[in-house]
Amino acid sequence: MEEAMFCYQCEQAAQGVGCTKIGVCGKKPDVAALQDLIIWGVKGLSWWADKARGKGAVDNEINVLTIEAIFHTVTNVDFDPDSLAKVVRRCAEMRDRARKMYEDAGGSTPENIPDAARDWQPPGSVEEMVAEGRKHPVKDPSIDPDVKSVMELLIYGCKGMSAYADHVHILGNDDDEVYAFIHKAMASTLDPNMGLMDYVNLCMECGTVNLKCQELLYKGHAGRFGTPEPTKVNTGSRAGKAILVSGHDLPFMEELLKQTEGKGINVYTHVEMLPAHGYPGLKKYSHLAGNWGGGWQDQYKELSEFPGAIIFNTNCIQRPADVYHDRLFTWGNVGWPGVRHLEDWDFSPVIEKALASDDWTDNPGKELLTGCGHNAILGMADKVIEAVKSGDIRRFYVIGGCDGAKPGRNYYTRMAEQLPKDTVILTLACGKYRMNRLDLGDIGGIPRLLDVGQCNDTYSAVQVALALADAFDCGVNDLPLSVILSWYEQKAIVCLLSLLSLGILNIKIGPSLPAFVTPNVLNFLVEKFNVAPIGEVEDDIRQTLGA
Ligand code: FSO
Ligand code: SF4
């Protein structure tokens, strides 16, 4: 029977193979087809943009559309066919503009223009676009399965990086190196002469460029909001009106805090917004009240308990419950059919909705610690180094990445609980919700659980590792440090590529391995980097401690 769709880009891929009827994430076949068409469109526009850049011609509108379009296809971002159809049209427009830019810069008509880069125009209706999208599926039996596997790894790396690049752009910190790489990489997937190792090399370059992109983001955030500092965050509620912000975009949070100031509304963070509390420029707002809920996968229940307006500015959105559907908003690249989308920086609809919604009650909760980025950790470097030398700290564990629904993810909680008391855990991204309510204590005043920040703060965790390696005059792989990743979507993929590009060995990945990685590609990763799936908690602790 013909498959209604095929997608295997995230950890939830059905049966560990791929979603073929409807996405486990809720993605319907029409949305899958439109997202496939967007990726096809991005490949075409990238082909011309890459050539134009070779002639010295660059257009920032093309650059920004490229990353925004790709971001719309990341897991749990945009489920709205109308919004996706608009992106398809923009891709065709920008492809034509990139071609013209190349020709105006003196480029001659190339031979063998790939179909995706030809002057195809999107049909008028969404239904026709869906039919067109079905002609460009992810599956392509004409490509060798191992080559296809690494090609998809590259595309998913570009998806993750595009999300970060979008935040960088919103901060106004753009750098053409990031756009140039994404255009080169996406264009390369149309080149029949590319072989397996060519894509492997591009994947490593993707990891390197992503670190640059995350550095731009870190510096953009720190420049605008100050350096994150360790901050305790309440997880309960305050009496009064309430808005909950989910997603990763910090300038959005600043603007919302400005627009809600003095209006009797408390603003709460959800999932990846938690690190917002650590930035001086954001925590100075007294109505930034606390953090609500656990990992993104619990939103149906937890957002149902939230009385005010709710807004998602990035992933991970899921099908809303009826009880809050009317109080839900999306912004940026996020979309859900029937949910009101805010196009710009005027948040008055959200504010009005919050003011018209029920009050919340005063109910203080447990406190979480966030804001422990590299500046904070390296601020106590002497203490940390001394604790390692004296044996008070035996080993560091970076345990982070995405949270998710699978029962196997309790591995990360059990790992944090069972690690010996002379170990320190650095955590980041939403995977932290598997452990950030545990009381793990401290080692001579150094908290045993340090929340480095959002997934993009992989950059910050890397800075800690590099500084420790420098202090102990050794390589990162010689440090008493283990990396245990939990992955879900494509940002985690690009973070993994960044760690591999630094030559970091022995990374453990769970709760399951990517469906798009073939056995041969996995063998390659095992041989070159000794990556391994997570095993039993006790065995993994014993093995990493060398006990
Ligand atoms: Fe999580 Fe979702 Fe930040 Fe991801 S909220 S899963 S890796 O979007 O980006 O960590
Ligand atoms: Fe399935 Fe994940 Fe694709 Fe959604 S994003 S359709 S869950 S593989």
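The values are calculated or read from the model by the stated rules, or taken from the named source; none is laboratory data. Computed from a prediction, not measured in an experiment: that's the story for all the values here. Glycine also receives a Cβ, built like all others from the backbone with ideal geometry; neighbour counts cover every protein chain displayed. Just so you know, the surface numbers come from the protein's heavy atoms only, side chains and all, with ligands and any DNA or RNA stripped out. Shrake-Rupley method; radii C 1.70, N 1.55, O 1.52, S 1.80 Å.
Residues whose amide H falls under 5 Å from that of Ile393, counting only those 5 or more places apart or on a different chain, are Val388, with hydrogens built in the peptide plane. For the range 227-326, the set of trypsin sites (Lys or Arg not before Pro) satisfying both a DSSP loop assignment and a count of at most 16 other C-beta atoms within 10 Å is given as Lys263, Lys284.
For the chain, what is the calculated [θ] at 222 nm in deg cm²/dmol (nearest 500), taking -39500 (n - 2.57) for each run of four or more DSSP H residues and dividing by its residue count? Write out the running numbers ahead of the final one.
Values: 19 runs with 245 residues, N = 547.
The per-residue figure over the chain is -14000 deg cm²/dmol.
Normalised Debye scattering of the range 464-532 at q = 0.15, 0.20 Å⁻¹ gives log10 I(q)/I(0) of -0.52, -0.86, counting only Cα atoms as equal scatterers and leaving out solvent.
May I ask for log10 I(q)/I(0) of the range 139-197 at q = 0.12, 0.23 Å⁻¹, from a Debye sum over the Cα atoms as equal point scatterers with solvent left out? Taking Cα atoms of the range 139-197 as identical point scatterers yields -0.35, -0.90. Charging the Cβ of each Asp and Glu at -1 and of each Lys and Arg at +1, and nothing else, the dipole of the range 378-545 about its Cα centre rounds to 380 debye.
The mean sequence distance of close C-alpha pairs (under 8 Å, at least 6 residues apart), as a share of the length of the range 136-219, puts its relative contact order at 46 percent. A DSSP coil position with no more than 12 other Cβ atoms inside 10 Å describes the following GluC sites (Glu not before Pro) in the range 91-180: Glu111. Per-residue SASA remark: Thr518, around 30 Å² accessible (1.4 Å probe; ligands, DNA and RNA not included).
Here the chain is treated with +1 on each Lys and Arg Cβ and -1 on each Asp and Glu Cβ, and its dipole about the Cα centre works out to around 660 debye. Selection among Gly510, Phe6, Phe306 by position relative to the dipole of the chain gives Phe306 as farthest towards the positive end (Cβ unit charges, Cα centre). Count Lys and Arg as plus one, Asp and Glu as minus one, and take only other residues whose Cβ is under 13 Å from that of Ser83; the net charge is then -2. Taking the DSSP beta bridges with both ends in the range 378-545, the antiparallel portion is around 10 percent.
Taking the accessible area of the chain, probe 1.4 Å, and keeping the other protein chains in place, the carbon and sulfur fraction comes to 50%. Computed about the Cα centre, the dipole magnitude for the range 1-159 is approximately 200 debye when only Lys and Arg (+1) and Asp and Glu (-1) carry charge, each at its Cβ.
Could you work out the relative contact order of the chain, using alpha carbon pairs under 8 angstrom and six or more residues apart, expressed as a whole percent?
On the way: 1069 pairs, mean separation 91.3, N = 547.
Relative contact order for the chain comes out at 17 percent.
In a fully extended conformation the segment linking Ile143 and Lys219 would gain 23.3 nm over its present Cα-Cα distance, using 0.36 nm per residue. Dividing the convex hull volume of the alpha-carbon atoms in the chain by its residue count gives 145 Å³ per residue.
Under Stokes-Einstein, with the Kirkwood radius over Cα pairs as Rh, the value for the range 123-276 at 20 °C and 1.002 mPa s is 114 µm²/s.
Among the listed pairs Lys86/Lys241; Lys55/Lys159; Lys283/Lys432; Lys21/Lys135; Lys432/Lys508; Lys27/Lys51, those whose Cα-Cα separation exceeds 23 Å are Lys86/Lys241; Lys55/Lys159; Lys27/Lys51. Taking the inverse of the mean 1/r over every pair of distinct Cα atoms in the range 378-545 gives a Kirkwood hydrodynamic radius of 16.2 Å.
The calculated FRET efficiency for the pair Met380 and Lys284, based on their C-beta separation and a Förster distance of 25 Å, comes to about 0.60.
Quote to one decimal, in nm, the extra length available between Lys232 and Lys301 on full extension: 0.36 nm per residue of separation minus the C-alpha distance between them. If you can, show how the numbers build up before the last one.
Numbers: separation 69, 0.36 × 69 = 24.84 nm, distance 2.48 nm.
Contour length minus the Cα-Cα distance gives 22.4 nm.
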